[in-house]
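Below is one structure, written out as structure tokens; the observations come after it.
The values are calculated or read from the model by the stated rules, or taken from the named source; none is laboratory data. Predicted model only: the values in this text are computed from it and were never measured. Virtual Cβ from ideal backbone geometry, glycine too; neighbours counted across all protein chains shown. SASA here: full protein model, heavy atoms, side chains in, ligands and nucleic acids out. Shrake-Rupley method; radii C 1.70, N 1.55, O 1.52, S 1.80 Å.
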Amino acid sequence: NTRVDLADCEIAMRKRIIRQWMLDGVSFLDPDSCSVGCEVRIGQDTIILANTHLRGSTSIGENCAIGPDSTLLNTKVGNDCVISYSVTEKAIIGDQVVMGPFCHLRKGAVLMDGVHMGNFGEVKESILAEGVKVGHFSYIGDAKIGKNVNIGAGTVTCNFDGKMKHPTEIGENTFIGSDTMLV
């Protein structure tokens with residue numbers, strides 16, 4: 001086979017997988033621009049927007065809107081979530097989470113129910129409890145954030161001293177102002 005033949009096979013397989021998901025109750029607004037791996041699971045009444053790529057063991061609950069321009073790799077997404085223009089890798093996302101645009105969840109990110117992440121937020125190896133709000137342009141790494149915390153725009157957990165990580169903990173119902181460096 002040539003590379004052209006292999007590309008044709010890839011297109012045929014991608015169309016077959018997406019067609020089956022549409023028959024099972026998932027909407028694709030631009031199916032030709034999307035890709036879905038064979039291990040992926042998607043709940044009914046979820047909408048997949050243009051240029052969205054679902055890979056690995058990703059699972060998505062019901063009534064979600066994913067995309068446009070999003071990539072989810074080995075990520076678990078609950079029900080009633082909105083994820084736009086974002087990338088997730090080995091993350092867990094609870095129910096009723098709103099992310100984006102332009103968020104990045106790295107390995108070990110856990111967003112519990114009702115979390116809201118604004119523009120350009122990034123989370124790595126952290127747990128954000130129920131109801132946490134993370135403002136835009138914020139980085140939360142190696143942290144445990146309590147319920148109903150509001151993290152202002154431009155907040156960064158600065159917990160690497162060049163040799164060791166020092167986890168950050170923020171208690172429940174805390175307000176962190178904008179442009180805060182948590183050392």
Just the residues that are open to solvent by 10 Å² or more (accessible area, probe 1.4 Å) and either within 16 Å of ILE93 (Cα to Cα) or free of Cβ contacts under 8 Å to residues at least 24 places away in the same chain (or both), please, taken from the range 131-142. GLY131, LYS133, HIS136, PHE137, TYR139
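Residues checked against (1) at pLDDT 95 or above; (2) within 20 Å of HIS104 (Cβ to Cβ):
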| position | (1), (2) |
| --- | --- |
| LYS133 | yes, yes |
| HIS136 | no, yes |
| TYR139 | yes, yes |
| LYS144 | yes, yes |
| ILE151 | yes, yes |
| VAL156 | yes, yes |
| ASN159 | no, yes |
| GLY162 | no, no |
| THR174 | yes, no |
Restricting attention to the range 71-85, which residues are surrounded by fewer than 24 Cβ atoms within 10 Å (Cβ to Cβ) and in contact with a Cys (Cβ under 9 Å, 6 or more places away or on another chain)? GLY78, ASN79, ASP80, VAL82, SER84, TYR85
Of residues in the range 101-130 being outside any strand (DSSP E or B) and open to solvent by less than 20 Å² (accessible area, probe 1.4 Å), the one farthest from GLY152 (Cα to Cα): ALA109
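Just to check your reading of the model, which residue among THR155, THR174 is among the β-branched types (Val, Ile, Thr) and open to solvent by 30 Å² or more (accessible area, probe 1.4 Å)?
Of THR155, THR174, the one residue that is among the β-branched types (Val, Ile, Thr) and open to solvent by 30 Å² or more (accessible area, probe 1.4 Å) is THR174.
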I'd like to know if the range 90-100 contains one or more residues that are open to solvent by less than 70 Å² (accessible area, probe 1.4 Å), free of Cβ contacts under 8 Å to residues at least 40 places away in the same chain and among the polar types (S, T, N, Q). no
As an exercise: evaluate ASN150 against (1) touching a strand residue (DSSP E or B) at 6+ places or on another chain (Cβ under 8 Å); (2) surrounded by 18 or more Cβ atoms within 10 Å (Cβ to Cβ) and give the number of the one condition it does not meet. (2)
In the range 61-87, the residues that are in a strand (DSSP E or B) and small (Gly, Ala, Ser): ALA65
List the pairs whose first member sits in the range 2-27 and is surrounded by 10 or more Cβ atoms within 10 Å (Cβ to Cβ), whose second member is of a type in the set (S, T, N, Q) and not in a helix (DSSP H, G or I), and whose Cβ atoms are under 6 Å apart, counting only residues at least 6 apart or on separate chains? ARG14/SER35; GLY25/GLN44; VAL26/THR46
The one condition LEU111 fails out of (1) within 14 Å of the chain's Cα centre (by Cα); (2) more than 21 Å from VAL82 (Cβ to Cβ) is (2)
Within the range 29-57, work out how many residues are under 18 Å from the mean Cα position of the chain (by Cα) and either open to solvent by 30 Å² or more (accessible area, probe 1.4 Å) or of a type outside the set (A, V, I, L, M) (or both). 16
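Residue-wise test of (1) modelled with pLDDT of 95 or more; (2) among the hydroxyl-bearing types (Ser, Thr, Tyr); (3) under 23 Å from GLY131 (Cβ atoms).
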site: ASN51; (1), (2), (3): yes, no, no
site: CYS64; (1), (2), (3): yes, no, yes
site: THR88; (1), (2), (3): yes, yes, yes
site: ASP95; (1), (2), (3): yes, no, yes
